Structures are given as structure tokens and as C-alpha cells.
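Working notes for the structure below.
The values are calculated or read from the model by the stated rules, or taken from the named source; none is laboratory data. This structure is a prediction, so every number in the text was calculated from the model and none was measured. Please note: Cβ atoms are built from the backbone with ideal geometry, for glycine as well, and neighbour counts cover all protein chains shown. The area values use the complete protein model at the heavy-atom level, side chains included, leaving out ligands, DNA and RNA. Shrake-Rupley method; radii C 1.70, N 1.55, O 1.52, S 1.80 Å.
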Amino acid sequence: MDQHLGTDAVFPLGEPNDAYADYFSGKSYLAVLTTQGVPTMHVTFEPGCRNWWHIHHLGGQILLVTGGKGWYQQEGQPPRRLLPGDAVHIPAEVKHWHGAARDSWFSHIAIEIPAPGGSNEWVEPVTEQEYCRLEEQEDRP
């Protein structure tokens, strides 16, 4: 059970996400739920943690928010606040990032949309300036 997201957490916190740590600003955790058929993971971000801008080539991804508060942003689009129960469809070839709000843990199920030859391209970090603008925007009435 994930103590950081409440006692009602359904999915485990998982292990430190060391395999992808170079592509995250902050600490994240990964619980592999299944690799058969459709790879499905539970990802948890500490407050302020976010992944880099990245692109899923050919396959895309679906996010199902399971806890906390977070953000999703597609390049050229306004950021979207994410809360438990939200779902995000990320089409293939769309540059985007997602992660926790500065003041909250955040978790989601990540479902990889299978595609022959599919890959993930990590582009660049979300800058502190970009991230701070999101939080300032959230504080406005």
C-alpha cells in the first residue's frame, strides 16, 4: 500500500525507478503490473517530480490517474491538471511530459499502446522555469 497517497491505494508504490532516473527531475517509483500483452505499469512521483519531454513513436500511451495531483502537457497546448479518476490518451508522435504537482505525490497507471517497432524518445527536461509557470497559473483565481 502506498502510504504517501493514502491508505486506500490499490496499487503498490513499487521500486525506485532507477532504469529511467536520468529522464526524471526528482524521484519516481515503478511497479510493473504486467508485461504480457499490453505492458502496464504503476508510476508514482514524489512532489515536484516530473519526467522529461518525450515522444512515444508508433504506439502512444494511456494514463489513468490513481492518486494525488499532477500535470500533463502536450507541446504547444496549455497544461492540464490531473486528479484521481482522470484519463489521458497520448497519441503516437506527440511530444509531452507528465508529473506531480509541487505540493503533492502523484501516481498513474501507464498503459503502453503496442506497436511493432514502437519506441520512446526522451527529448529534454522540463525546465524549472516552465514548471514554476504551471504552479503560478494554478495559484491565480
For the stretch 48-63, what are the residues that are closer than 13 Å to ALA110 by Cα, more than 11 Å from the chain's Cα centre (by Cα) and assigned to a strand (DSSP E or B)? HIS56
Filtering the stretch 22-47 down to residues that are assigned to a loop (DSSP other than H, G, I, E, B) and not hydroxyl-bearing (Ser, Thr, Tyr) yields GLY26, LYS27, GLN36, GLY37, VAL38, PRO39, GLU46, PRO47
Is one or more of the residues making up the stretch 55-71 among the polar types (S, T, N, Q), closer than 18 Å to LEU134 by Cα, crowded, with 17+ Cβ neighbours inside 10 Å and in contact (Cβ under 8 Å) with a residue 24 or more places away in the chain? no
Specify the residue that is least open to solvent (accessible area, probe 1.4 Å); the eligible residues are those in the stretch 72-108 that are of a type in the set (S, T, N, Q) and out of contact with any Gly (no Cβ under 9 Å at 6 or more places or on another chain). GLN73
Candidate set: the stretch 1-11, residues that are assigned to a loop (DSSP other than H, G, I, E, B), open to solvent by 20 Å² or more (accessible area, probe 1.4 Å) and within 11 Å of THR66 (Cβ to Cβ); chosen: the one modelled with the lowest pLDDT: GLY6
Could you check the stretch 82-126 and list, in sequence order, the residues that are closer than 25 Å to GLY37 by Cα and β-branched (Val, Ile, Thr)? VAL88, ILE90, VAL94, ILE109, ILE111, ILE113
